[in-house]
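Here's the structure we're looking at; comments come further down.
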Amino acid sequence: MKDNKYYQYSIHLRFLARSILLFVIVAICSPNTMAQNIEQLQKNASITYEKMMQAKQSADNLEKDFISAEKKLTEAKEKLATAERETTDAKRKSDQAKAILDQAVNHWKKASDDLANEWGKSEIK
């Protein structure tokens with residue numbers, strides 16, 4: 001019976017020794033593992049920061065490009081509006097010139113007809 005208790009005691013003692021040994025190994029390895037994890041996290045954070053800064057620079061450049069394109073669009077719209085006004089003015093002046101030409105042609109025809117009539121009257125006499 002004593003042997004059995006001694007045997008159980010030795011099993012518990014071995015279990016306790018192994019547990020302590022395991023705890024010590026984990027405790028010793030854990031700071032290294034934690035340090036490696038922290039180091040890896042620092043590297044990841046640094047890489048992510050660099051990517052973020054590149055994305056920020058890219059976004060800034062694209063914003064500048066957008067502002068420049070928007071300015072060019074505004075200038076083009078202003079030029080288009082000016083060209084449309086000039087076209088409208090030119091059309092109006094062209095229509096006025098055609099009307100004046102039509103009037104001049106009509107006056108000339110009337111004057112030619114009057115002249116022809118007067119010659120015709122003078123030949124008859």
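Selection of the range 42-63 for residues being open to solvent by less than 100 Å² (accessible area, probe 1.4 Å) and among the hydroxyl-bearing types (S, T, Y) yields S46, T48, S58.
Within the range 80-118, being polar (S, T, N, Q) and open to solvent by less than 100 Å² (accessible area, probe 1.4 Å) holds for T82, T87, T88, S94, Q96, N106, S112, N117. Of the residues making up the range 64-79, those that are under 11 Å from the mean Cα position of the chain (by Cα) and either open to solvent by 100 Å² or more (accessible area, probe 1.4 Å) or of a type in the set (A, V, I, L, M) (or both) number 4. Counting the residues of the range 16-49 that are modelled with pLDDT under 80 and among the polar types (S, T, N, Q) gives 6.
The values are calculated or read from the model by the stated rules, or taken from the named source; none is laboratory data. Note that this is a predicted model, so its numbers are computed, not measured. Areas reflect the complete protein model, heavy atoms only, side chains present, ligands, DNA and RNA absent. Shrake-Rupley method; radii C 1.70, N 1.55, O 1.52, S 1.80 Å.
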